[in-house]
Amino acid sequence: MGGMEIRPVRPDEEVPLGRLVLAAYAGLPGYVSEPEYELELLDVAARAAVADVLVAVDHDGRLLGGLTFVPDDTNPLAEHGIPGAASIRMLGVAAEAEGRGVGTALVTESLWRARAGGARELVLHSTDWMHGAHRLYLRLGFRRDPELDWTPEESDVVLLGFRHPLTDLP
């Protein structure tokens, strides 16, 4: 994959990663702008203080993408109450890095982290307009679970639930 590395975000990468994730979301057809959530996407430092923010970087150190790995349901960033489940949030890939396997590498690392941490499954939520992400999740073994769907307070956006049991990792 051309020298790509997956590792924890460094403090000097937090602001650029926030911008990258927001741009990835905002560039999707059907994107619904929610200013409060956009501020949350930009605030990588706040996420990194309580969860594991992972980045994909090129051989030259250029940011290609990132996501937030939430180790369990007790973490303040967890969007679920499933005991024994880790989750991922806020996956974003730079437009110029699309098609290079960045999302696959980040999600695969998260699956392994979750299993290594003792989680029984990895769950996530996604909007209905994130079609490329849905294809990625399904290809990696996630299954749609409508029972996990929810709508955040003060939002009209329905978040679609996906789950991956960690008993059948490749």
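Just so it is clear, none of the values below were taken in a lab; they were calculated from the coordinates. Only a predicted model underlies this, so the values are computations on that prediction, with no experimental measurement involved. When we count neighbours, we look across all protein chains shown, and the Cβ atoms used for this are built from the backbone with ideal geometry, even at glycine.
If you go through segment 41-50 one residue at a time, do you hit one that is touching a residue at least 40 places away in the same chain (Cβ under 8 Å), of a type outside the set (G, A, S) and assigned to a loop (DSSP other than H, G, I, E, B)?
no
Being surrounded by 18 or more Cβ atoms within 10 Å (Cβ to Cβ), in contact (Cβ under 8 Å) with a residue 40 or more places away in the chain and assigned to a loop (DSSP other than H, G, I, E, B) is the filter here; which residues of segment 102-142 pass it?
Within segment 102-142, A119, M130 qualify.
So how many residues does segment 57-84 have that are outside any loop (DSSP other than H, G, I, E, B) and either closer than 12 Å to S110 by Cα or in contact with a Phe, Trp or Tyr (Cβ under 8 Å, 6 or more places away or on another chain) (or both)?
5
Take the conditions surrounded by fewer than 16 Cβ atoms within 10 Å (Cβ to Cβ) and without any contact (Cβ under 8 Å) to a residue 12 or more places away in the chain and apply them to D60. Does it pass?
When the stated conditions are applied, D60 passes them.
Of everything in segment 35-57, what is buried (at least 17 other Cβ atoms within 10 Å of the Cβ) and closer than 20 Å to R7 by Cβ? Give them in sequence order.
The answer is V44, R47, A48, A51, D52, V53, L54, V55, A56, V57.
Any residue in segment 151-164 that is among the acidic types (D, E), on the phi > 0 side of the Ramachandran plot and in contact (Cβ under 8 Å) with a residue 12 or more places away in the chain?
yes
Looking for something more than 30 Å from R120 (Cβ to Cβ), of a type in the set (A, V, I, L, M) and out of contact with any Ser or Thr (no Cβ under 6 Å at 6 or more places or on another chain) - is there at least one such residue anywhere in segment 76-96?
Yes: segment 76-96 contains one or more residues that are more than 30 Å from R120 (Cβ to Cβ), of a type in the set (A, V, I, L, M) and out of contact with any Ser or Thr (no Cβ under 6 Å at 6 or more places or on another chain).
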